[in-house]
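We did not get these values from a lab; they are worked out from the coordinates using the rules stated. On a predicted model such as this, the values are computed, not experimentally measured, just so you know. Glycine gets a Cβ as well: all are built from the backbone with ideal geometry, and neighbour counts include every protein chain shown.
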Amino acid sequence: MQTDFLVIGSGIAGLTYALKVARHCPDKRVMVFTKTTSDETNTKYAQGGIAGVWDNENDSFEKHIEDTLVAGDGLCNEHTVEIVVKEGVKRIKEIIEWGARFDKEPDGEYALGKEGGHSEFRILHHKDVTGKEMERALLEAVKAQPNIEINTHWFVVDIITQHHLGYLVTKATPDIKCFGVYALNLHSKKIEKIEAGITLLATGGNGQVYRTTTNPVIATGDGVAMVYRAKGRIENMEFIQFHPTALYEPGTKGQAFLITEAVRGDGAILRNTDGEAFMEKYDTRKDLAPRDIVARAIDNEMKKGGTEHVWLDCRHMDMEKFLHHFPNIHEKCLSIGIDVSKNMIPVAPAAHYSCGGIKTDEWARTSISHLYAAGECASTGLHGANRLASNSLLEAMVFAHRAYEDSVYKINEVPGNEWSNRKNINIPDWRTEGTTAPKEMILITQSLKELQLLMSDYVGIVRTNTRLERAMRRLDLLHLETEELYKTTEVSPQLSQLRNMITVGYLIVKSAQFRHESRGLHYNTDYPFKSELVQNIVL
Ligand code: FAD
Ligand code: SIN
């Protein structure tokens with residue numbers, strides 16, 4: 001299979017990019033691949049909304065920039081922050097033109113919400129299902145575009161580089177090139193090679209590396225692992241954001257239901273199991289302090305009280321307003337016997353967002369040529385050590401746009417561009433000799449459980465040197481066993497994802513071990529203070 005533009009991922013980043021390149025180059029082919037259905041993405045579950053400077057009377061670019069920098073705790077790239085904040089508003093206007101609807105006040109102005117770390121009301125939202133609405137609008141626009149093909153149930157296994165042509169590729173190789181991907185067609189069960197002029201990775205986050213996460217099962221860090229295997233650069237992986245308030249439902253597996261921070265933005269209060277509103281002990285911004293502070297405070301209260309959750313108290317809130325803004329949360333709580341007007345909601349932190357990822361420049365270019373990355377899988381420099389709430393949908397659209405601008409130039413206008421040379425390259429088919437069908441799924445499922453447990457217990461909100469060492473030793477063993485299995489077993493999404501998640505776990509632990517300080521989302525009790533030497537960890 002051959003295409004001009006190859007897009008891996010059908011969330012906000014992948015679809016925004018696909019739509020833009022397809023409209024700009026109607027004679028070119030755009031192929032989008034996604035490992036399950038087209039809408040099963042982190043994007044679909046976004047609740048709170050998208051941040052943008054909309055109220056020009058009270059808000060300003062400077063304020064949004066400042067809030068992002070404060071949350072990022074010294075590690076944001078200021079140029080990137082300025083790009084995202086300033087260009088973000090244009091991107092929001094675009095998605096509105098493409099059909100996304102955001103809630104309005106009775107006077108017709110957009111209703112703006114507030115979340116932790118924001119000094120102003122600037123979050124556009126669609127009730128408490130903003131991501132679902134944005135995904136809907138994007139999918140409709142993409143499906144109406146004749147030169148875009150969406151391929152669902154295709155699992156991308158690896159990106160193709162000179163390594164697959166028989167050359168030695170190391171981190172020191174000066175010009176690693178991406179020629180496309182190998183992908184497992186889950187309909188035919190065959191691995192195909194897909195050759196591409198330009199490839200964009202928009203593979204989302206990696207929350208599934210942890211036992212409790214707000215992320216759906218697709219969030220296994222595949223893009224990051226693929227780039228690392230291909231010897232590309234990965235950055236800031238230690239900064240895993242734990243959302244303070246996932247619904248605590250003992251006995252449920254997989255994805256935890258989120259109680260959006262916007263509920264606290266509208267006045268909800270966190271209480272410990274003694275009923276105390278504890279956030280004022282930790283930060284003057286109380287319940288609306290940045291997420292790292294709130295999540296650590298909750299963790300501390302849970303440890304002190306020996307409990308598995310704290311409470312989120314909404315009982316004093318205007319219930320008519322609550323129902324209007326948060327119908328999905330209201331319905332979910334009712335379904336498990338919680339009437340938010342009478343009962344408090346049990347909540348606990350859960351892995352939510354990966355601030356680091358594939359290192360990209362200001363045009364979303366990775367360290368591998370012809371390979372771009374946007375959305376949660378990328379590390380653009382926006383979030384630094386901690387992401388400001390509702391900045392990620394914004395970042396995804398801004399960098400999908402920038403990747404589009406750069407790549408249409410590259411594919412169209414560079415004379416004798418490398419893609420034309422590439423037509424003479426003979427990329428080998430995927431080799432399956434020596435592998436057999438998986439005999440024991442338990443080998444995969446048990447290793448996955450072990451991985452998620454060790455990451456949650458040793459590499460969670462609070463870390464120590466000993467915990468990180470233990471995690472690394474266990475990861476080494478899981479890596480060894482899984483590589484053996486991989487060499488002898490036919491590729492399946494389950495095995496590939498396990499392999500990718502072990503790689504992501506390794507990258508998180510290694511980066512955490514390199515950071516001899518506590519900053520933003522990385523808190524190590526052996527190094528409780530910030531170091532003067534502020535740097536990004538690149539692996
Ligand atoms: P995703 O939307 O996750 O899409 C990833 C795509 O990649 C999927 O199509 C998947 O199938 C595909 N893929 C992955 N691996 C492979 C593979 N190997 N082969 C083929 N396809 C693959 N951010 C905000 O700004 N505001 C919010 O209010 C907000 N709320 C959130 C609430 C929840 C519950 C969660 C989980 C996240 C929230 N976030 C929010 C974060 C935000 O939703 C995500 O960061 C963002 O949607 C990521 O978009 P993306 O396009 O990068 O990836
Ligand atoms: C939320 O709605 O609380 C999540 C917002 C985000 O992750 O940006």
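Rounded if a/c is under 1.5, else prolate if a/b beats b/c, else oblate: with a ≥ b ≥ c from the C-alpha gyration tensor eigenvalues square-rooted, which is the range 358-494?
oblate
Can you quote the Å³ per residue value for the convex hull of the Cα atoms in the range 213-268, rounded to an integer?
Once divided by residue count, the hull of the range 213-268 is 111 Å³.
What's the longest uninterrupted piece of the chain once you rule out the chymotrypsin sites (Phe, Trp or Tyr not before Pro) that are loop residues per DSSP with at most 14 other Cβ within 10 Å?
It runs 168-528.
Give the residue list of GluC sites (Glu not before Pro) in the range 1-79 that are DSSP loop and have at most 16 other beta-carbon atoms within 10 angstrom.
Here the GluC sites (Glu not before Pro) that fit, given the DSSP loop and packing criteria, are E57.
Rounded to the nearest 0.05, what FRET efficiency do T173 and S60 have when you use their Cβ-Cβ distance and R0 = 56 Å? Show your work: numbers first, answer last.
Values: r = 45 Å, r/R0 = 0.80.
E(calc), rounded to 0.05, equals 0.80.
Shape of the range 164-322 from its Cα gyration tensor (a ≥ b ≥ c, root eigenvalues): rounded if a/c is under 1.5, otherwise prolate when a/b > b/c, or oblate?
Prolate.
List the aspartates and glutamates whose Cα sits under 14 Å from the Cα of K303, skipping any in the same chain fewer than 8 residues away.
Filter leaves D274, D457.
Given +1 on the Cβ of Lys and Arg, -1 on the Cβ of Asp and Glu, and no further charges, what dipole in debye does the range 63-149 carry about its Cα centre, rounded to the nearest 20?
Charge dipole, the range 63-149, about its Cα centre: 260 debye, nearest 20.
Give the residues of the range 169-196 whose amide nitrogen is closer than 13 Å to a point set 7 Å from the Cα of H153 in the direction of its Cβ.
Answer for this model: 185-190.
Considering only Y527, L485, V504, whose Cα is most displaced toward the positive end of the charge dipole of the range 472-530, charges sitting on Cβ of Lys, Arg (+1) and Asp, Glu (-1)?
Y527
How far is helix 130-143 tilted, in degrees, relative to the longest principal axis of the Cα atoms in the chain, given as a value from 0 to 90 rounded to the nearest 10?
Between helix and principal axis, roughly 30 degrees.
What size of dipole, in debye to the nearest 20, comes out for the range 175-251 about its Cα centre when the only charges are +1 on Lys and Arg C-beta atoms and -1 on Asp and Glu C-beta atoms?
300 debye
How big, on average over all directions, is the shadow cast by the Cα convex hull of the chain, in nm²? All intermediate terms of the calculation are to be shown ahead of the outcome.
On the way: hull surface 98.1 nm².
Over every viewing direction, the Cα hull of the chain projects on average to 24.5 nm².
In nanometres, what is the gap between the two model label sites at S341 and N328, each 7 Å from Cα along Cα-to-Cβ?
Here the modelled spin labels are 2.3 nm apart.
Between beta-carbons, use under 13 Å as the cut-off and find the net charge around E532, counting Lys and Arg +1, Asp and Glu -1.
Neighbour charge sum, excluding E532 itself: +1.
As a footprinting exposure proxy, order V491, V142, V209, V81 by other Cβ within 10 Å, with the fewest listed first. Show your work: numbers first, answer last.
Working: V491 20, V142 23, V209 29, V81 26.
With the fewest neighbours first, V491, V142, V209, V81 line up as V491, V142, V81, V209.
Please state the charge dipole magnitude for the chain, taken about the Cα centre, from unit charges on C-beta atoms (+1 on K and R, -1 on D and E), reported in debye and rounded to the nearest 20.
Working: 63 positive and 73 negative charges, 296 e Å.
Rounded to the nearest 20 debye, it is 1420 debye.
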